[in-house]
Amino acid sequence: MPPLGVTAVMLPEIDFDEQLKLCETLKLTHYSWRPRIISEDQLRQAPSPWGFHRFDLTPQRLVKEGGQLRRRLESAGMISFGSLPAANTDHDDDTLRLHFEGAAAVGAGRMRIAPKAYPTDAPFDYDALLERLVDRYRHLVDLARPFGIKIVIETHCLSLATSPALARNLCLPFDPGDMGVIFDINNYMIEGGLHPNLAVAVIGRYIDHSHIGGARLAGDDTRDAFGFRQRGHEMCPLTEADQHIPTWIAALMVAGITAPLIIENFSPHTAGPDRLAESVAQLRPVLKASAMTP
């Protein structure tokens, strides 16, 4: 049965000690780090997954304090699993080396580097952009190897890996030990969606771990100048998502993929700690039932 974990991205309201206590209470086993620079403007705002975090973990701090942070995490019975800096393929080698060093210091094992966003103003030469990205990732795999870090790409909206098939195109030139995919179930509702069985079959051996959140089509009635409805979306509890989470979990388990399921739920209906507890309570019965299904 896949283990459950959490990404620190969804817990901006509480500091590291409080995060560890919460994870111990919920019996979570895997933890993904969030080394980011919080801007001066964000520091003056309320906590947000994409802004101010009370656990102010900068990339430099992760390098300096990584060993200590890892020991504290492991003392709480958790596994250091993944680093999620705001890193992408356009960043220079020195910046990415700093992130690799931090990921290695904390024993994260893998680090997300986002592929370049695709142009949205007009169709473009996909083959040429794919070739350039593959060349860049070849270099980054070599850059990461001395640190013992695997590169992972997330099936993320607006990137060149929105869907399992697009992520597969980026990964095929690489060994799954060097390059993998964060199989983000939440994002498939927003962009790049496939049937769960097809999605798992397409990306298969490259799935490093999954992100689980909830999203649904927005309830408003936004229309363009011609009167045509324009689709929006909103984050929501797992049980209210437009994608049926139990079917996605079943698809992974039937395929024999027991990689960690990392909760990354951004629904605004409650604060991060309560949202995490709610998500765990919703997922545990699903995991138990899926494990019992032949």
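The values are calculated or read from the model by the stated rules, or taken from the named source; none is laboratory data. These numbers were taken from a predicted model, which means no experiment stands behind them. Here the Cβ positions follow ideal geometry from the backbone for every residue, glycine too, while neighbour counts run over all protein chains shown.
General remarks:
- Residue in the stretch 212-227 that is crowded, with 16+ Cβ neighbours inside 10 Å, among the hydrophobic types (A, V, I, L, M, F, W, C) and touching a strand residue (DSSP E or B) at 6+ places or on another chain (Cβ under 9 Å) present: yes
- Selection of the stretch 136-157 for residues being of a type in the set (A, V, I, L, M) and in a helix (DSSP H, G or I) yields LEU140, VAL141, LEU143, ALA144.
- Picking from residues in the stretch 74-127 that are among the acidic types (Asp, Glu) and either more than 20 Å from ARG61 (Cα to Cα) or touching a helix residue (DSSP H, G or I) at 6+ places or on another chain (Cβ under 9 Å) (or both), the one that is modelled with the lowest pLDDT is ASP121.
- Conditions (1) at pLDDT below 95; (2) under 24 Å from LEU4 (Cα atoms); number of the one not met by THR239: (1)
- Breaking point among (1) buried (at least 18 other Cβ atoms within 10 Å of the Cβ); (2) modelled with pLDDT under 95; (3) farther than 23 Å from HIS53 by Cα; (4) in contact with a Ser or Thr (Cβ under 8 Å, 6 or more places away or on another chain), for THR155: (2)
- Residues that are touching a Pro at 6+ places or on another chain (Cβ under 7 Å) and not in a loop (DSSP other than H, G, I, E, B) were ranked within the stretch 158-214; the one that is nearest to HIS244 (Cα to Cα) is ALA199.
- Only one of the listed residues (ALA241, ALA259, ALA277, ALA289) is hydrophobic (A, V, I, L, M, F, W, C) and over 19 Å from the mean Cα position of the chain (by Cα). That residue is ALA289.
- Of the residues making up the stretch 62-94, those that are surrounded by 15 or more Cβ atoms within 10 Å (Cβ to Cβ) and part of a helix (DSSP H, G or I) are LEU62, VAL63, GLU65, GLY66, LEU69, ARG70, LEU73.
- In the stretch 57-102, the residues that are acidic (Asp, Glu) and either under 15 Å from LEU20 (Cα atoms) or touching a strand residue (DSSP E or B) at 6+ places or on another chain (Cβ under 7 Å) (or both): GLU74
- Test: residue in the stretch 138-153 that is over 19 Å from the mean Cα position of the chain (by Cα), of a type outside the set (Asp, Glu) and more than 28 Å from LEU57 (Cβ to Cβ): yes
- Residue in the stretch 108-126 that is surrounded by the fewest Cβ atoms within 10 Å (Cβ to Cβ), counting only those that are in contact with a Ser or Thr (Cβ under 9 Å, 6 or more places away or on another chain) and either part of a helix (DSSP H, G or I) or of a type in the set (Lys, Arg) (or both): LYS116
- Top-ranked residue of the stretch 3-46 - restricted to ones that are in contact with a Lys or Arg (Cβ under 6 Å, 6 or more places away or on another chain) and not β-branched (Val, Ile, Thr), ranked as surrounded by the most Cβ atoms within 10 Å (Cβ to Cβ): ALA8
- Checked against the criterion of being under 21 Å from ILE79 (Cα atoms), in a helix (DSSP H, G or I) and at pLDDT 95 or above, the candidates LEU252, LEU276 yield just one match: LEU276.
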